[in-house]
């Protein structure tokens, strides 16, 4: 929060970041204030382009709760903290764009639509505040960090194709695993696929998942070159996928995965896909790209091939 003082009039003013008032000198108050939403669980910023409608929940840091195409809701959004968001695991904890383990929503700093792009930035929370001296009642914020996205719909005029550009601003470099994004998907999309455009056809991996680490999860992951992972319904009429390029090929990721989570609670059962970057992140702002493709399984395959042919990174 910033105070402005006009020496000619003796007036004091509380000034927003980036705001300029003529005649006022500014100084920091060394305190932070964020927009809050009372008892609301949902306050959506919506954008529709290319046959897609997406809704970001501003109560929870701008994580995406709704992703709709032709009447299908693709995300598991029974809980408002689920859906599509960025996570950053680092050497002393985990920064969550959306919320901590106790449903304290990460403060939203920026939320706007500009033509085909939705922009959100949030001050991330420590996922488990106990690790840094907080509690279930006292959340822990990384006040000098911003995490968010620029989500561009109808990317390259491909209809239900979106570029998901993750933005991270850090006060110093850190070693990390950045999930960009982590996507909790409607459990009706229960077939798992790997797509390799250099081969040209999807490979089903539903029955190739590793034995569950617990009774609740199975998992398939790999180091990509130019690859996608896809989740589809049994009849393949609805599918959603993540396409990404390895850092060794000029892209942003080092790992792609798909998984099933089935703990017996219909409100929390879901399938999941992740694009992950395991690397040191620099001080200042950095950006990382992945691409989300929606349609039938055949549609997703075709559009991922077009991204590959166009050389997107």
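Worth a mention:
- Among (1) part of a strand (DSSP E or B); (2) under 18 Å from residue 125 (Cα atoms) - the single one residue 66 does not satisfy: (2)
- Residue satisfying condition, being assigned by TED's automatic domain parsing to the domain that holds residue 46, modelled with pLDDT of 95 or more, farther than 14 Å from residue 106 by Cβ and surrounded by fewer than 22 Cβ atoms within 10 Å (Cβ to Cβ), within set 136, 154: 154
- Scope segment 231-264; condition in a strand (DSSP E or B), over 15 Å from residue 164 (Cβ atoms) and at pLDDT 95 or above; matching residues: 231, 232, 239, 246, 255, 257, 258
- Residues that are on the phi < 0 side of the Ramachandran plot and touching a helix residue (DSSP H, G or I) at 6+ places or on another chain (Cβ under 6 Å) were ranked within segment 227-253; the one that is surrounded by the most Cβ atoms within 10 Å (Cβ to Cβ) is 243.
- Residue, farthest from residue 45 (Cα to Cα), within segment 136-160, restricted to residues that are in a helix (DSSP H, G or I) and touching a strand residue (DSSP E or B) at 6+ places or on another chain (Cβ under 9 Å): 156
- All positions within segment 270-304 that are surrounded by fewer than 18 Cβ atoms within 10 Å (Cβ to Cβ) and either in contact (Cβ under 8 Å) with a residue 12 or more places away in the chain or outside the structural domain of residue 222 (by TED's automatic domain parsing) (or both): 278, 279, 280, 282, 283, 284, 285, 286, 287, 296, 298
- Considering segment 111-135, the residues that are farther than 16 Å from residue 94 by Cα and not in a strand (DSSP E or B) include one that is nearest to the chain's Cα centre (by Cα), namely 116.
- Check on residue 140, under 19 Å from residue 81 (Cα atoms) and touching a helix residue (DSSP H, G or I) at 6+ places or on another chain (Cβ under 6 Å): yes
- From 21, 40, 17, residue being touching a helix residue (DSSP H, G or I) at 6+ places or on another chain (Cβ under 6 Å) and either more than 30 Å from residue 241 (Cα to Cα) or modelled with pLDDT under 95 (or both): 40
The values are calculated or read from the model by the stated rules, or taken from the named source; none is laboratory data. Note that the structure is a prediction, hence the values are computed from the model and not measured. Because the Cβ atoms are built from the backbone with ideal geometry, glycine has one as well, and the counts that use them run over all protein chains shown.
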